[in-house]
Amino acid sequence: MQRDRAVLLVAMSGVRVADEQLSAKGLTLPGFVRRGKVIASLPSLGLLTIAARTPKHWFVRYIEVEDSLTEALDEAVSGKYDLVAISTLTARAGDAYYLARAIRESGIPVAIGGLHASVLPEEAGTHCDIVVQGEAENVWQTVLSDVEQGEWRPVYRASDASPVEFTDGHAVPRYDLLAGRRYNRVTMQTTRGCPLDCSFCAASRLISSYKRKPIALIERELELITSVFPRPFIELADDNTFVNKRWGKELARLLARYSTRWFTETDISVADDAELLDLLAMSGCAQLLIGLESRSPASLGEADSRGWKRRQAERYAEKVRRIQSFGISVSGCFVLGFDNDGPEVFHETLDYVRALELSEAQVTVLTPFPGTRLYDDLARQGRLLEPTFWDKCTLFDVTYSPKRMTADELREGFSWLVGELYSQSETARRDQLLRRCVRAGARRRARK
């Protein structure tokens, strides 16, 4: 078929830490760097999804921008494209805006979408021609049709359009656009949104309410992924995969049919269903990232207005042991800087990670992403250090004034914790726990 139109899809990727001290320290910490490289290497599932909704008379090219913007700009203004679409997270909004302005100067229309643009469409709109707000697949074909006509709107809101529902016939993301590339992991989404209500979470509710894909659709996606990557390691781009245990068991049975290892995020309640854990272990689940957030009940109350996490906390150790006894590694995620946290929180968190015997751990600084309840609260209280701080929305930089310590104490304490937690000795200790976890899983599978 003659393709008379072309669109360039640009993913702003990469993990950056603005704090120079922490950035320099990260170069010498194997555990910290290891997880950072995994995150940085993930493809943009949002762009692959709208690529699948692009009419056949449009040629589609997908590129990623990690550091240098020059190559992306050269490609965008090469004369090949009728539209350039950029997807970005908050931390790279500045780079995305710079790139968009430079492309516009050449006369090529630019669209920006993603979480940051969805939350701040007026801001994004000053740097581009088109802002796509919300779930882009709802409006993408309208955007392209209007560009063909040379008359487009400044903002396309997914909420104003008929939703593209998850059905068996839903378009599968264009994983074929990734052919020939090397990734640590390939992303696939099985659920969108999360029913929990964490004050700091920017992803779970701002784009979509909680919903699940049909198993038949996920199977089609797995077929395409494994045709492009024969033995992929899959990272489910979900906020909370196993909220629904019955559906989760169907998913695990499907994944078991493929020769792949996989990772996802979920909540600690997965430990309460032994049948589900057994299915996960048999399906190739290598690790679950679980937001444990804090050892402090008061801090957990700040994180979750419904108090669900606080009620779970007294059994964290028991539940972590149960999950890992099935050979599934638990990466516990902790957030530092709640209003209840004082300078003692850093030593307490290190001791808590050790006591829980986690095979992996991730620590972040409480970050007020625009659009979250946390951001609104801190802005109202006048506690944001700068009015605009998007390049510091990395999860590792301090952007506000804590209550029980200074910003410098939070910054220095977090840097100390990172140094301890990802030191050679602590990383080796967790690697030993991981090996014990793997052996437990092997023994369990041998009994089957």
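Simple point charges give the picture: +1 on the Cβ of Lys and Arg, -1 on the Cβ of Asp and Glu, and for region 168-312 a dipole about the Cα centre of about 180 debye.
Hey, got the dipole for the chain? About the Cα centre, +1 on K and R Cβ, -1 on D and E Cβ, debye to the nearest 20? In debye, rounded to 20, the chain gives about 2160.
Span-like helix check, the chain: qualifying full DSSP H segments, with Cα axial length of 18 Å or more and mean Kyte-Doolittle of -0.5 or more, are 215-228, 407-421. Taking the Kirkwood radius as Rh and the Cα radius of gyration as Rg, region 327-382 has a ratio of Rg/Rh equal to 1.09.
Got the relative contact order for the chain handy, in percent, Cα pairs under 8 Å and 6 or more residues apart?
Numbers: 833 pairs, mean separation 64.1, N = 448.
Worked out over the chain, it gives 14 percent.
Here, region 356-404 has an Rg and a Dmax of 12.8, 40 Å when only alpha carbons are counted. Cα-based values for region 172-324, radius of gyration first and Dmax second, are 16.2, 49 Å.
The alpha carbons of region 73-140 stretch over 30, 25, 16 Å along the principal axes, in descending order.
The convex hull of the Cα atoms of region 103-155, projected and averaged over all directions, covers 3.5 nm².
Report for the chain the percent antiparallel among DSSP-assigned beta bridges with both residues inside it, nearest 5.
Numbers: 4 of 49 bridges.
Bridges in the chain that DSSP calls antiparallel: roughly 10 percent.
What is the log10 of I(q)/I(0) for region 372-437, computed with the Debye formula using one identical point scatterer on each Cα and no solvent, at q = 0.12, 0.25, 0.27 Å⁻¹? Each listed q maps to, in turn, -0.47, -1.08, -1.18.
Computed over every Cα-Cα pair of the chain and binned at 10 Å starting from 0, the pair-distance distribution P(r) comes out as 4, 20, 30, 27, 14, 4, 0 percent. Sorting the Cα pairs of region 287-397 by distance into bins of 10 Å, from 0 upward, gives 13, 42, 32, 11, 1 percent per bin.
For the chain, with all protein chains in place and a probe radius of 1.4 Å, 48% of the accessible heavy-atom surface sits on carbon or sulfur. Once all protein chains are placed together, Leu45 keeps about 20 Å² accessible to a 1.4 angstrom probe. Shown for the chain: cysteine residues without a partner Cβ closer than 4.7 Å, namely Cys128, Cys194, Cys285, Cys333, Cys393, Cys437. Within region 124-228, all pairs of alpha-carbon atoms sorted by distance into 5 Å bins from zero give the percentages 2, 10, 16, 17, 18, 19, 14, 5, 0. Straight Cα distances below 12 angstrom link Lys249 to the aspartates and glutamates Asp273, Glu275, Asp278, with same-chain residues fewer than 8 positions distant left out.
The values are calculated or read from the model by the stated rules, or taken from the named source; none is laboratory data. Given the structure is predicted, the values throughout are model-derived calculations rather than measurements. Cβ: placed from backbone, ideal geometry, glycine included. Neighbour counts: every protein chain shown. Protein only, heavy atoms only, side chains kept; ligands, DNA and RNA dropped before computing areas. Shrake-Rupley method; radii C 1.70, N 1.55, O 1.52, S 1.80 Å.
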